[in-house]
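Heads up: the structure comes next, in structure tokens.
The values are calculated or read from the model by the stated rules, or taken from the named source; none is laboratory data. If you're wondering where the values come from, they're calculated on a predicted model, not measured in any experiment. Cβ coordinates were reconstructed from backbone atoms using ideal geometry, including for glycine residues, and neighbour counts include every protein chain displayed.
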């Protein structure tokens, strides 16, 4: 007896394609529906995890207002070849409910031997600027912790940013102080990372 496998194979392929499409749609909905922080004067931040163990993060700055703004995220070195978002910090509450503030402090660049510039990011109305960050780029001087220690259980992270004007008005960049800098304070959503 000879079986015709063609209808069976077509059914398997259709089922597989249907499941693949459903998984893709579910993933897209999860990414689009990430909780965001409350806007502050038109600027909103969204903090999300981009790897399974929670060590790598993505922080998005969204201009949800109706006018363009300029953010000063921190410091640039080597004529912009090194960009350090040093005005971003993370409020960390570990699984034992202990809270402390960790500031951006990339250990690859602990000292400065030359020129510093402001880390200027123009953000048009409706635009988004994303940063990739790692837990080991933050430290807490008060507790002498040089990266964020995730404990077994539920750990929580909230990003915060305080806007400021230009701080490094070099002679060739004196007019930078006249830019439309955003001076507000904003916090992201609270991201829970479970270990």
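The table below gives the values:
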{"item": "Selection within segment 40-55 - within 10 Å of the chain's Cα centre (by Cα) and part of a loop (DSSP other than H, G, I, E, B)", "result": "50"}
{"item": "Exclusive hit being surrounded by fewer than 20 Cβ atoms within 10 Å (Cβ to Cβ), assigned by TED's automatic domain parsing to the domain that holds residue 170, assigned to a loop (DSSP other than H, G, I, E, B) and in contact with a helix residue (DSSP H, G or I) (Cβ under 6 Å, 6 or more places away or on another chain), set 66, 106", "result": "106"}
{"item": "Qualifying positions in segment 159-182 - out of contact with any strand residue (DSSP E or B) (no Cβ under 8 Å at 6 or more places or on another chain) and either closer than 16 Å to residue 44 by Cβ or surrounded by 14 or more Cβ atoms within 10 Å (Cβ to Cβ) (or both)", "result": "169"}
{"item": "Members of segment 69-94 found to be in a loop (DSSP other than H, G, I, E, B), over 14 Å from the mean Cα position of the chain (by Cα) and surrounded by 16 or more Cβ atoms within 10 Å (Cβ to Cβ), listed by number", "result": "94"}
